[in-house]
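The values are calculated or read from the model by the stated rules, or taken from the named source; none is laboratory data. What you see is a predicted model, and the numbers here were worked out from it, not measured in a lab. Please note: Cβ atoms are built from the backbone with ideal geometry, for glycine as well, and neighbour counts cover all protein chains shown.
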Amino acid sequence: MSNTQCQISNETLNCIALSMMFPQRGRQLLELYRRVGSATTVVENADHLQDIVPDLNPDVFMIDSGQLHVCLEKAKAEVDFAQKHTIQILTVNSEDYPMRLREVCPDAPLVLYYRGNANLNCSHIISIVGTRTSTQYGLDMVNSICRELANYFPELLIVSGLAYGTDINAHRAALEYGMPTVAVLAHGLDHIYPSVHRNTAQRMMEHGGLITEFPSSTKMEPTYFLRRNRIIAGLAEATLVVESKERGGALSTARMANDYNLTVMACPGRATDPASMGCNNLIASNSAALVTSAADIVKALNWAVPKRKCPTLPSLFEGNLSAEEKIVYDKLGSEPQHFSLIVTATGLSVPIVLSVLNELEFRGIIRQLPGSKWRKI
């Protein structure tokens with residue numbers, strides 16, 4: 001055994017080996033682990049498990065000694081790979097393992113492989129998921145919500161799956177606004193899928209991370225993407241579905257979050273928009289809370305907003321507006337107005353209106369919404 005392997009406990013090696021031996025039986029494996037107390041005890045009693053767990057179904061956990069030896073050797077190789085690529089191996093009993101996932105997920109992975117620097121147990125974690133064919137509306141909603149969340153809680157962790165569409169939009173928005181972001185992968189950390197997201201993934205490892213239950217060299221299977229959704233749901237305090245068609249992976253993540261008694265939220269869309277049918281159905285069936293802004297998320301989760309992040313009351317600034325600022329401010333109301341209508345109503349030039357709107361938003365008395373719309377706070 002190499003020196004790096006010597007630094008890894010037998011318990012970790014045994015956790016890896018058992019996970020490799022029973023990749024499709026996560027729930028039963030976790031239950032056995034919790035009943036017995038450790039993976040090492042399972043391995044050491046592999047030939048007579050029923051002696052310590054009398055009601056164990058031998059058809060589910062028949063441990064072949066030859067197969068166990070092979071898996072232990074693979075586990076040692078995985079440890080070497082992890083050490084070489086600065087990957088943390090988190091077993092379900094370790095302090096750094098995501099606490100919420102361990103507590104709420106009955107089939108939480110016995111082992112997670114993590115490369116990054118984000119705190120997986122930080123105070124505020126949101127998962128953002130949605131369609132892989134997001135619209136401009138979906139992109140605007142992700143950007144707007146992430147920008148506002150960063151203003152409330154810059155340390156908030158954004159979790160998603162690195163897929164096309166909503167996932168990658170959420171990761172990039174989090175990075176743009178200075179928030180850490182973690183992607184849950186459906187494969188090992190020896191490659192990135194889709195490969196076009198490699199640059200974003202590299203940035204995330206410096207400000208967030210990548211995490212997976214799959215060891216390196218795992219051959220990708222369609223079912224693995226559904227399996228990883230339980231981790232996306234279980235890592236976060238709430239799951240936000242931004243856009244989803246009537247059927248899709250984002251809805252499976254929402255169902256899992258509901259099953260774990262975690263908060264599910266969704267952004268509403270037009271009744272005729274196929275990209276929003278899943279979200280609208282979640283809201284209509286009371287399976288998700290309606291979200292149009294970060295303020296809705298903060299309210300739904302009852303998060304205490306730091307006083308330094310509270311928006312300034314309009315009354316503090318209304319008396320200090322310039323002539324052009326007052327013209328623009330007076331034309332706004334509580335209902336969102338499109339930028340072009342504001343330009344028409346004020347009679348000012350486009351550059352002046354845009355400059356004034358940005359200044360008023362910076363001062364905390366108006367808000368920009370998706371679709372180039374603005375309103376008073």
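Per the listing ALA271, ALA284, ALA295, ALA250, the residue uniquely at negative phi and surrounded by 18 or more Cβ atoms within 10 Å (Cβ to Cβ) is ALA250. The requirement of being more than 14 Å from LEU162 (Cα to Cα) and either part of a helix (DSSP H, G or I) or of a type in the set (Lys, Arg) (or both) is satisfied by ARG270. Being crowded, with 19+ Cβ neighbours inside 10 Å and under 19 Å from MET205 (Cβ atoms) holds for only one residue in PRO109, PRO98, and it is PRO98. Filtering region 193-211 to residues that are in contact with a helix residue (DSSP H, G or I) (Cβ under 8 Å, 6 or more places away or on another chain), surrounded by fewer than 24 Cβ atoms within 10 Å (Cβ to Cβ) and either polar (S, T, N, Q) or closer than 25 Å to LEU18 by Cα (or both) leaves THR200, LEU210.
Identify all residues within region 120-140 that are in contact with an Asp or Glu (Cβ under 8 Å, 6 or more places away or on another chain), more than 22 Å from TYR193 (Cα to Cα) and polar (S, T, N, Q); write none if there are none. Hits for region 120-140 are ASN121, SER123.
When ARG115 is tested against the conditions (1) assigned by TED's automatic domain parsing to the domain that holds LYS299; (2) over 18 Å from LEU226 (Cα atoms); (3) basic (Lys, Arg), the lone failure is (1). Taking the stated definitions as given, is SER315 among the hydroxyl-bearing types (Ser, Thr, Tyr) and modelled with pLDDT of 85 or more? So SER315 does not fit the description; no. Residues of region 334-348 that are outside any helix (DSSP H, G or I) and at pLDDT 85 or above: PRO336, GLN337, HIS338, GLY347, LEU348.
Which ones in region 6-42 are under 13 Å from PRO109 (Cα atoms) and not in a helix (DSSP H, G or I)? Residues satisfying the conditions are PHE22, PRO23, GLN24, ARG25. Looking across region 255-275, the residues that are free of Cβ contacts under 8 Å to residues at least 60 places away in the same chain, more than 11 Å from SER287 (Cα to Cα) and touching a Cys at 6+ places or on another chain (Cβ under 9 Å) come down to MET256, PRO268.
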